[in-house]
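Read through the structure below, which is laid out as structure tokens, and then see the notes.
What follows is calculated from the coordinates using simple rules that are stated; it is not laboratory data. Predicted model, so just to flag it, every value in this text is computed and none were measured. Methodologically, a virtual Cβ is constructed for each residue, glycine included, from the backbone with ideal geometry; neighbour enumeration extends over all protein chains shown.
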Amino acid sequence: MRGLLTTRDQHCWKELIEKEAFSRVSWKVKYGHKFPRLEPCSGPRRKCILPAICPPKEQEERLSPPRTQEEGTGFKKQGEGISLPRKQEDKDQEPLLKEMRPATPKTKHLLYQGISQEGQGRHLYLQERKLKNPEEKFHYPVLSSWEYGWRLGDVITEIKAPIHARSGIVKDTFYIRNGVFHHSSKSDKLS
């Protein structure tokens, strides 16, 4: 019955809560004037209006005729409009590095042969991509969990699979049985 709160534990818990509340109030009295609270907005709330998603320029030109309006309405005639200058940053900026390296043409060709239900097409393409290591498919580790094993193959050249168990990479690389310095002895091995 360990873990249940007794009357004594409940009173202790109650005192801790009261003590915390008292310390919060005393802090507010002492430092509250330095950090004034913002007044809640009492006016009516405005709805958030998102900008319309514009279709690509080619579709826009095909779908709608060019807009022209007469003078005096604020619009200029077609061809007389002022074009806004493009940002110089966009021209100078290099394209961002894509996360995944593109597939080889041989592997990409698998996409167009057969259908997935027969084990060809996209299914075969994904199976072929799965055979590659993440280091071969990606330029850099995308997830933080990948950083632990990233380029591990470059560091460890020899991986021996145990006879009766799974591969012991962690044991061989991180775990030392005889203290700080590893001096292998005959007693380390069971055989």
The extension gain from residue 14 to residue 39, computed as 0.36 nm times the residue separation minus the Cα-Cα distance, is 5.8 nm
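Sorted by average packing, counted as other Cβ atoms within 10 angstrom per residue and highest first, what order do 18-27, 128-137 take?
My ranking of the peptides, most packed first, is 128-137, 18-27.
By counting other Cβ atoms within 10 Å of each Cβ, how are 123, 139 ranked from fewest to most?
On the way: 123 15, 139 11.
So the ranking, lowest neighbour count to highest, is 139, 123.
How far, in nm, would the chain grow between residue 108 and residue 155 when pulled straight, counting 0.36 nm per residue and subtracting the alpha carbon separation? Spell out each step's value before the answer.
Numbers: separation 47, 0.36 × 47 = 16.92 nm, distance 3.09 nm.
That works out to 13.8 nm of additional length.
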